[in-house]
């Protein structure tokens with residue numbers, strides 16, 4: 001169990017973490033999410049006693065970390081993939097850490113097996129890839145068989161197999177009753193890994209709730225409805241009928257309708273009453289990523305703006321207007337409202353370029369929707385992440 | 001709380017398992033002995049060219065330790081790397097997460113590295129002495145002569161304390177480049193320049209290496225140098241005081257600053 005009370009940290013004039021209070025419970029995976037620079041690593045370092053809080057306290061198992069009896073046997077941490085002397089072999093690195101807490105040498109080989117580094121254990125860690133470095137760090141965290149584990153961005157640099165491995169490892173550790181606190185800036189990863197979420201932005205707590213509650217609170221579910229292709233009139237008619245009954249209807253690029261605020265059977269009934277056939281009626285859930293983006297959009301430190309290429313335009317010869325072919329490649333992926341034109345001299349094709357496949361762009365790259373109004377997420381994006389996000393809460397429920 | 005013996009053991013593994021340890025300590029030994037032997041041979045060959053005063057205060061023991069000028073730099077590198085690689089590699093996070101008691105961590109680290117430096121230092125000083133004397137012909141000193149054993153053991157202690165001083169400085173600065181840049185410039189240039197200029201000589205005398213090397217002299221005012229206002233152990237004490245200040249400074253930085 002980890003408890004933070006009014007945790008605050010300032011570096012010089014900059015506040016990294018402000019008045020953060022939360023509790024990390026044993027037996028579940030607690031995801032610690034926030035954009036880059038939100039204060040996740042700083043918080044982890046304060047938990048481990050590496051940084052002294054400017055204000056507030058944080059305790060691990062009831063003690064401040066620096067006063068914890070035999071800390072390495074109680075808490076294991078992966079802070080930094082390469083927090084290792086590069087000239088030392090993986091085995092010798094673990095040996096140093098093991099000796100600190102009186103862990104037998106046998107255990108070193110055990111954890112090397114667990115993380116799959118047995119064969120390269122004799123090699124200097126200098127030559128390790130980022131993924132191997134992560135595995136070595138995880139091995140170090142597991143050495144003391146601790147009840148509390150902290151992982152800072154553990155999936156960074158891991159391949160899909162490695163990501164799956166660490167996910168299953170954390171789930172197994174949590175099911176053994178351990179406290180697992182894992183940070184990430186990838187909400188989609190947390191959606192399938194964590195049971196509970198602590199979201200911070202600009203060093204402040206934005207949410208502390210279960211993954212299921214987070215989705216329910218911060219996103220809306222909706223239905224996708226499709227009438228047979230070419231039946232434009234039917235589509236208009238259905239749209240009007242649904243709107244009349246209080247649903248929120250939006251057309252999508254591929255001709256489907258996005259219907260919010262109405263249960264699926266009711267939509268089916270209304271379509272039936274209007275004599276309209278449906279080719280599709282499917283439930284959808286806005287992904288965790290979208291809810292997260294909406295929540296933290298005001299708290300993103302590093303935001304990109306459109307590249308106007310003005311400097312280049314001045315330096316080089318300006319292509320004559322209309323010469324540059326308006327290929328679909330220039331289209332903004334979402335056809336997002338309010339997005340400025342990409343640059344002078346390049347004609348902007350409309351959002352719904354005919355024949356353009358739905359771009360496989362993560363919703364994470366979608367420009368934030370206008371402030372104060374929470375419209376459904378941009379079209380064509382949510383399918384993939386929503387599908388990925390859906391299983392997690394269900395698994396979470398069966399476990400409880 | 002991690003037991004101090006466990007931390008000592010771990011620090012021993014740490015220092016043992018990086019190749020820089022072996023290289024720097026070997027360099028310290030070889031440089032000190034080889035340069036000492038070379039200068040001893042040269043001194044023996046050119047003894048008659050020395051001035052009368054220099055011949056009267058000829059100190060064969062000190063001559064054989066002339067290589068310390070270079071050998072100590074390798075000890076500086078050893079001392080700096082022991083501390084600074086923790087920071088440059090990020091290992092410090094792992095170390096302090098495992099040993100939250102920073103005093104235990106720091107004392108163990110310095111103790112293990114100092115012990116190693118002392119063993120290598122003593123090995124170097126005895127080897128250097130006998131090698132140098134064997135090349136000094138008729139002018140050689142014997143280990144049984146008055147104060148000679150003190151000078152030889154003192155040379156070994158000097159090397160260990162130089163390493164400790166460097167550890168303290170590295171713990172304060174936390175950077176390999178910064179620490180080496182400062183210490184190399186100091187020991188190789190600044191200290192000898194200040195000692196060479198008459199105006200600053202009286203101050204330079206109290207610098208750690210100048211004061212500490214007095215312990216290697218057998219003849220007071222050896223080779224017609226100025227008599228120091230302190231004795232061999234007095235000079236060594238001044239060096240130890242410098243080192244204590246550096247180590248305490250390093251501890252305060254480790255204790256106060258975020259890792």
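The values are calculated or read from the model by the stated rules, or taken from the named source; none is laboratory data. Everything numeric here is computed off the predicted structure, so don't read it as measured data. Neighbour counts are summed over all protein chains in view; Cβ atoms, including those assigned to glycine, are modelled from backbone coordinates with ideal geometry.
Within region A:69-90, restricting attention to residues that are free of Cβ contacts under 8 Å to residues at least 60 places away in the same chain and crowded, with 21+ Cβ neighbours inside 10 Å, which residue is farthest from residue A:158 (Cα to Cα)? Only one residue fits best here, namely A:71.
Counting only helices (runs of 4 or more DSSP H) that sit wholly inside region A:67-126, those with at least 2 residues that are at the interface with chain B (Cβ under 8 Å from one of its Cβ atoms) and farther than 21 Å from residue A:163 by Cα are A:71-74, A:90-100. Given the condition touching a residue at least 12 places away in the same chain (Cβ under 8 Å) and under 20 Å from the mean Cα position of the chain (by Cα), answer yes or no: does some residue in region B:135-144 qualify? Checked region B:135-144: no residue is touching a residue at least 12 places away in the same chain (Cβ under 8 Å) and under 20 Å from the mean Cα position of the chain (by Cα). Listed by position, the helices (runs of 4 or more DSSP H) inside region A:161-266 whose residues that are under 28 Å from residue A:143 (Cα atoms) number at least 1 are A:187-193. Residues in region A:15-34 that are at positive phi and out of contact with any helix residue (DSSP H, G or I) (no Cβ under 9 Å at 6 or more places or on another chain): A:19 only.
Quick one: which of B:24, B:46, B:13 is surrounded by 15 or more Cβ atoms within 10 Å (Cβ to Cβ), at negative phi and more than 16 Å from the chain's Cα centre (by Cα)? Break it down into steps so the answer makes sense when it comes.
Working: B:24 fails: more than 16 Å from the chain's Cα centre (by Cα); B:46 fails: surrounded by 15 or more Cβ atoms within 10 Å (Cβ to Cβ).
Residue meeting the stated conditions: B:13.
Answer with yes or no whether residue A:157 is more than 20 Å from the chain's Cα centre (by Cα), farther than 26 Å from residue A:73 by Cα and surrounded by fewer than 21 Cβ atoms within 10 Å (Cβ to Cβ). Steps first, answer last, please.
Working: more than 20 Å from the chain's Cα centre (by Cα): no; farther than 26 Å from residue A:73 by Cα: yes; surrounded by fewer than 21 Cβ atoms within 10 Å (Cβ to Cβ): yes.
No: the conditions fail for residue A:157.
Set side by side, the residues B:222, B:204, B:199, B:241 differ, and just one is free of Cβ contacts under 8 Å to residues at least 24 places away in the same chain and surrounded by 16 or more Cβ atoms within 10 Å (Cβ to Cβ), which is B:204. Scanning region B:202-259 for residues that are closer than 30 Å to residue A:47 by Cβ and outside any helix (DSSP H, G or I) yields B:257, B:258, B:259. Taken together, A:140, A:144 contain a single residue that is crowded, with 23+ Cβ neighbours inside 10 Å and either in a helix (DSSP H, G or I) or without any contact (Cβ under 8 Å) to a residue 40 or more places away in the chain (or both), which is A:140.
Evaluating residue A:191 against the criteria (1) away from chain B (no Cβ under 14 Å); (2) surrounded by fewer than 19 Cβ atoms within 10 Å (Cβ to Cβ); (3) under 27 Å from residue A:293 (Cβ atoms) leaves one unmet condition, (2). Tell me yes or no: at least one residue of region B:117-124 is more than 22 Å from residue B:146 (Cα to Cα) and at pLDDT below 95. No, there is no match, as no residue in region B:117-124 is more than 22 Å from residue B:146 (Cα to Cα) and at pLDDT below 95. Restricting region A:25-43 to residues that are outside any loop (DSSP other than H, G, I, E, B) and over 23 Å from residue A:177 (Cβ atoms), which is farthest from the other protein chains (Cβ to nearest Cβ)? Per the criteria, the residue is A:33. Only one of the numbered conditions (1) closer than 30 Å to residue A:44 by Cβ; (2) touching a helix residue (DSSP H, G or I) at 6+ places or on another chain (Cβ under 6 Å); (3) buried (at least 21 other Cβ atoms within 10 Å of the Cβ); (4) within 14 Å of chain A (Cβ to nearest Cβ) is violated by residue B:88, and that is (3). Here residue B:100 passes the criteria (1) within 14 Å of chain A (Cβ to nearest Cβ); (2) within 24 Å of residue B:215 (Cα to Cα); (3) assigned to a loop (DSSP other than H, G, I, E, B) except the one numbered (2). Residues that are within 13 Å of chain B (Cβ to nearest Cβ) and assigned to a loop (DSSP other than H, G, I, E, B): does region A:5-13 have at least one? For region A:5-13, residues within 13 Å of chain B (Cβ to nearest Cβ) and assigned to a loop (DSSP other than H, G, I, E, B): present. Here residue B:122 clears all of (1) more than 14 Å from every other protein chain (Cβ to nearest Cβ); (2) free of Cβ contacts under 8 Å to residues at least 24 places away in the same chain; (3) part of a helix (DSSP H, G or I) except the condition numbered (2).
Scanning region B:45-68 for residues that are at pLDDT 90 or above and assigned to a helix (DSSP H, G or I) yields B:45, B:60, B:61, B:62, B:63, B:64, B:68. Considered as a group, the residues in region A:44-66 that are surrounded by fewer than 17 Cβ atoms within 10 Å (Cβ to Cβ) and assigned to a loop (DSSP other than H, G, I, E, B) include one that is nearest to the other protein chains (Cβ to nearest Cβ), and that residue is A:52. Of the set (1) in a helix (DSSP H, G or I); (2) surrounded by fewer than 17 Cβ atoms within 10 Å (Cβ to Cβ), all apply to residue B:114 but (2).
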